[in-house]
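The values are calculated or read from the model by the stated rules, or taken from the named source; none is laboratory data. If you're wondering where the values come from, they're calculated on a predicted model, not measured in any experiment. A quick note on method: Cβ atoms are made from the backbone with ideal geometry, for glycine too, and the neighbour counts reach across all protein chains shown.
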Amino acid sequence: MLKEQREEQILQLLEQHGSVEVSQLCNLFGVTKMTIRRDLDKLENEGKISRTHGGAVLNNTDILLEKPLYVRLNTNTEHKERIARRAAAMITDGQKIFLSSGTTVFTLARQLDNSRRLLIVTDGLNTALELSKRTNISIIIIGGELRSNTLATTGSFAEGMIREFKFETAYIGVTSIGTDGSLHHGSLVEIGLYKVLAEISKKLVIMADSDKLGKDDFVCVGKLKSGDTLITDSDADPDIVKLYRDMGVEIILA
């Protein structure tokens, strides 16, 4: 089979199933893992697919739809781990906090052990399931419509429920942060919940890797304010970091 034919069939499989694995493609086409990886690398460079750990997914053509959770979990994993460790060190026994949906905050949930008694409210189903393994952590999950690609609950019911709380600290992830401190999210349907969250939380801790700094996105959900904390990685542009510090934002470089 010609290389071009194999690539076309890979795309057809992705259209049908959403994702493929390298081992599956090796068995199907009777070629080596190295050959399949080269095929996937070429398709990714052409913008047609995104590589995942052990496979690939089809790039979504809808610019308003976020990449699936399992794709984002395998992006910038080292930075996410470092940021999550610093965030976990801030959380103390007896706190009542909010953890937003998203992969960086989910990585934080993984870092929390059973040594602290906590009450955690979240809109992330995967975060709630991860935290349910800890007997000292009480969990409240916000109700609403579940988004399959992010495992986040959304809608007017979710927004109404979250208004019933006052959080000491809310740990949130964002798509990007503008040079003016504007906080952006990639989802139109989650904008309402994030705006309410910014209103009712005494303090926001924004967890974002350096690739997200100094960039605007489609939906603005709030703005950095004095007293907030931004945890990012040490690769952050010093000029951008200074801009945020001048706004009164605490910057933690992980």
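Numbers for the structure displayed
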{"read-out": "Residue check for Tyr194: among the aromatic types (Phe, Trp, Tyr) and at pLDDT below 95", "value": "yes"}
{"read-out": "Selected residue (criterion: surrounded by the fewest Cβ atoms within 10 Å (Cβ to Cβ)) from residues of segment 176-205 that are within 18 Å of Pro238 (Cβ to Cβ) and β-branched (Val, Ile, Thr)", "value": "Thr179"}
{"read-out": "Filter result (closer than 22 Å to Glu168 by Cβ and small (Gly, Ala, Ser)) within segment 193-228", "value": "Ala198, Ser201, Ala208, Gly222, Ser226, Gly227"}
{"read-out": "Subset of segment 123-161 (residues that are of a type in the set (Val, Ile, Thr) and touching a Leu at 6+ places or on another chain (Cβ under 6 Å))", "value": "Thr127, Ile137, Ile139, Thr150, Thr153"}
{"read-out": "Matching residues in segment 51-79 - criterion: being modelled with pLDDT of 85 or more and either within 16 Å of the chain's Cα centre (by Cα) or surrounded by fewer than 16 Cβ atoms within 10 Å (Cβ to Cβ) (or both)", "value": "Thr77, Glu78, His79"}
